[in-house]
Amino acid sequence: MAAVTGVIEKIYVDKTIPGLRLDSFLHLRHPELSRTYFKKLIDSAKVSVNGRTIKPSYQPIAGDLILIEIPEPTSTDVKPEAIPLNIIYEDEDIVVINKPSGVVVHPGAGNINHTIVNALLHHCEGKLSGISGVMRPGIVHRLDKETSGCLVAAKNDIAHQSLMRQFASRNVKKSYLAIVCGQLSQKTGEINLPIGRHPVHRKKMAVVKVSGRTARTGYTVITSTEFVTFVDLRLYTGRTHQIRVHFHHIGFPVLGDSVYGARQTEKVFKTTGYNADRQMLHAYILGFFHPRTTQWMEFKAELPDDFKTALHMLSLDHVDDRYVL
C-alpha cells in the first residue's frame, strides 16, 4: 500500500448516529486528527463513501463503506526546536517519549512553536511520518497539554499506518495513573458510558447517551484518603478527554482539572492545603505491536516530580514501588 498517496483505511459504519456529519464522524474515529483536517480531505475528494465523493455535511449511515486517501505532505512553517525530550525508547521506526506536563503535542492555529512536534523535528532531523498532515508530522495519538507520560511518534509512514490501525482497532494497551477528588468506595470498577461533544459548551466533552460514542474506562483503587483517591486506570477506548469526562460524570473529577473539576479541586485545597496547579493525570504504560517486527512492546513513563510531590502531600505515597517509580 502506498505510504502517502494510496487508500490507507477502510471504515465500515456499523451504527447510524443522527445528525453526525462525515467530517465529525472521521474526527471521532481518529481524534488525533482534527475535524478541519478531514473536511479538507473530503473537499479535496480524498474521501469516498460507497465509491462516491461526498460533502463534509453528509451523515454516514449503517452499512456505508468509507475510504480515506492521504495526500502528499506540503511545506509548513513548523520549525525544529532544540527542546529537550525524555526519550524512553527509539529505533528507526518509532520514538517513545515521556511527555512533560504543560507542553502541547502539536502546533495549532496561531501556535506553531514550543510543541512536542517542534522538539521531534529537531531530534529526528525531520524524519517523521507525513500521514497526520504538515502540522502534526509523526503524531499518532495525543495527550492533553497538562497530561504527562507515554507518547509514541512514527518516523515513517509505514510505522504510522501500523500504529494508527492498532489504535483504531483497540489493540493498544493504555494505562494511566490519576489522583481524583473524593474517596472511591468501590475498589475496582468500570465506567462504560458514551462520550460526545457537550450539547451547550462546545469546547467540552460530556456523557451523551443518544449520540455519544462508546467509551470504556476500567479502574483500580491504589490507595485513598477521605478527600482524594489514587487510581490505576485502563483505557479500552480513546475518546477525547475520556478519563476526565468519565470521572467528572460519576462525581470524582481528576484533581487539578480546571475544566471538569475546578470546584472539587478547590474543596481539596481547603481541606488538605495542597493546591494542584495542573490535572493530576499521567499516561503510565503504553503497549503495542512494533510496526516492523510485530513484537509486543510495553513502555512505562516515570512519574514526574510534581506528581510525586502531590502523592506525598496528600498522604498517598505509601504504595507499591511499581506505582511510584
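The values are calculated or read from the model by the stated rules, or taken from the named source; none is laboratory data. Keep in mind that this is a model prediction, so the values were computed, not measured. So basically every Cβ, Gly included, is an ideal-geometry build from the backbone, and we count neighbours across all protein chains shown.
Here are some notes:
- Residues of the range 84-124 satisfying the condition of being within 30 Å of LYS46 (Cβ to Cβ) and without any contact (Cβ under 8 Å) to a residue 12 or more places away in the chain: ALA109, GLY110, ASN111
- Test for ALA159: is it under 29 Å from TRP296 (Cβ atoms), buried (at least 21 other Cβ atoms within 10 Å of the Cβ) and over 17 Å from the mean Cα position of the chain (by Cα): yes
- Criterion (in contact with a helix residue (DSSP H, G or I) (Cβ under 6 Å, 6 or more places away or on another chain) and at pLDDT below 95) met by exactly one of VAL105, VAL117, VAL134: VAL105
- Among the candidates ALA178, ALA153, residue that is among the small types (Gly, Ala, Ser), touching a helix residue (DSSP H, G or I) at 6+ places or on another chain (Cβ under 9 Å) and outside the structural domain of ASN275 (by TED's automatic domain parsing): ALA153
- Selection from the range 53-71 of residues that are aliphatic (A, V, I, L, M), over 22 Å from LEU163 (Cβ atoms) and in a loop (DSSP other than H, G, I, E, B): ILE54, ILE61, ALA62
- Residue count for the range 10-57 satisfying the condition of being touching a helix residue (DSSP H, G or I) at 6+ places or on another chain (Cβ under 7 Å), small (Gly, Ala, Ser) and more than 20 Å from PRO199 (Cα to Cα): 0.
- Neighbours by Cβ (under 6 Å, 6+ apart or cross-chain): first from the range 177-198, touching a residue at least 24 places away in the same chain (Cβ under 8 Å) and among the polar types (S, T, N, Q); second in a loop (DSSP other than H, G, I, E, B) and surrounded by fewer than 18 Cβ atoms within 10 Å (Cβ to Cβ): GLN183/GLU226
- Residues that are under 30 Å from ILE97 (Cβ atoms), more than 24 Å from the chain's Cα centre (by Cα) and acidic (Asp, Glu) were ranked within the range 33-84; the one that is modelled with the highest pLDDT is ASP77.
- Within the range 24-52, being out of contact with any Ser or Thr (no Cβ under 8 Å at 6 or more places or on another chain), in a loop (DSSP other than H, G, I, E, B) and over 19 Å from HIS241 (Cβ atoms) holds for SER44, LYS46, ASN50, GLY51.
- Looking across the range 36-53, the residues that are surrounded by 17 or more Cβ atoms within 10 Å (Cβ to Cβ) and without any contact (Cβ under 8 Å) to a residue 40 or more places away in the chain come down to PHE38, LYS39, LEU41, ILE42, LYS46, VAL47, VAL49.
- Residue in the range 186-196 that is within 25 Å of VAL140 (Cα to Cα) and surrounded by fewer than 16 Cβ atoms within 10 Å (Cβ to Cβ) present: yes
- Answer from ARG170, ARG197 - the residue that is more than 25 Å from ALA262 (Cβ to Cβ) and of a type outside the set (A, V, I, L, M): ARG170
- Of the strands (runs of 3 or more DSSP E) lying entirely inside the range 218-325, the ones with 1 or more residues being touching a residue at least 40 places away in the same chain (Cβ under 8 Å) and farther than 24 Å from ILE88 by Cβ are found at 228-235.
- Strands (runs of 3 or more DSSP E) completely within the range 128-192 that count 1 or more residues being in contact with a Cys (Cβ under 7 Å, 6 or more places away or on another chain) and among the β-branched types (Val, Ile, Thr): none
- Candidates ARG234, ARG263, ARG202, ARG213: the one that is buried (at least 18 other Cβ atoms within 10 Å of the Cβ) and not assigned by TED's automatic domain parsing to the domain that holds ASP14 is ARG213.
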